């Protein structure tokens, strides 16, 4: 087996591990419906699909949005899903993720690794309109998932703190409109 394939196989295995890393917030809330809490891969996948819905008039590169969505949490295959409740500073979390991303990106062809790392850094720095849109999608996907868990569990508003954690943080008009519509739906849904 060539060294290149061995490294690529490690990359594939690490990325595949995201299918088994459960989102910490749901684990802490003991979400058990639907086979248990979603994985990081589940979250990233829906974010990428939601990127298809970018408003054509927003001046965003849809494909770049999809790529950012697919790499933004990639480091979690090594460091896990670190949340503010874990007691790790933002700086320490960023350093752990940066180290993980450098390792992950070293396992693939150099230009691919550079692209993945660059997209991840763009998201971390919030240095583009696409990164800002995907940050909004990240938060929106979380509250959409919370709403779905509340419906499945038939426990009205038990995940309210996830909604509260996003208040006033959305920046893009498109996602702000989605949030408003989701909140209106949540407020008019029976048993909610």
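For 128, 181, the sequence from fewest to most other C-beta atoms within 10 Å is 181, 128. Overall dimensions of the chain, expressed as equivalent-ellipsoid semi-axes from the Cα gyration tensor (√(5λ), whole Å, largest first), are 30, 20, 15. With neighbours defined as other Cβ atoms within 10 Å of a residue's Cβ, the residues 81, 153 order from fewest to most as 153, 81. Working note: 222 nm ellipticity from helices only, DSSP H runs with n ≥ 4, each -39,500 (n - 2.57), summed and divided by the residues of the chain, gives -20000 deg cm²/dmol to the nearest 500. From most to least packed by mean Cβ count within 10 Å, the peptides 158-169, 31-42 give 31-42, 158-169. Taking the fewest neighbouring Cβ atoms within 10 Å as the starting point, the ordered list for 46, 23 is 46, 23. For segment 61-109 versus segment 1-55, the spacing of their alpha-carbon centroids is 12 Å.
Since every read-out is calculated from the coordinates, none of them should be taken as a lab result. None of the values given here were measured: they were computed from a predicted structure. For neighbour counting, all protein chains shown are included, and Cβ atoms are generated from backbone atoms with ideal geometry for every residue, glycine included.
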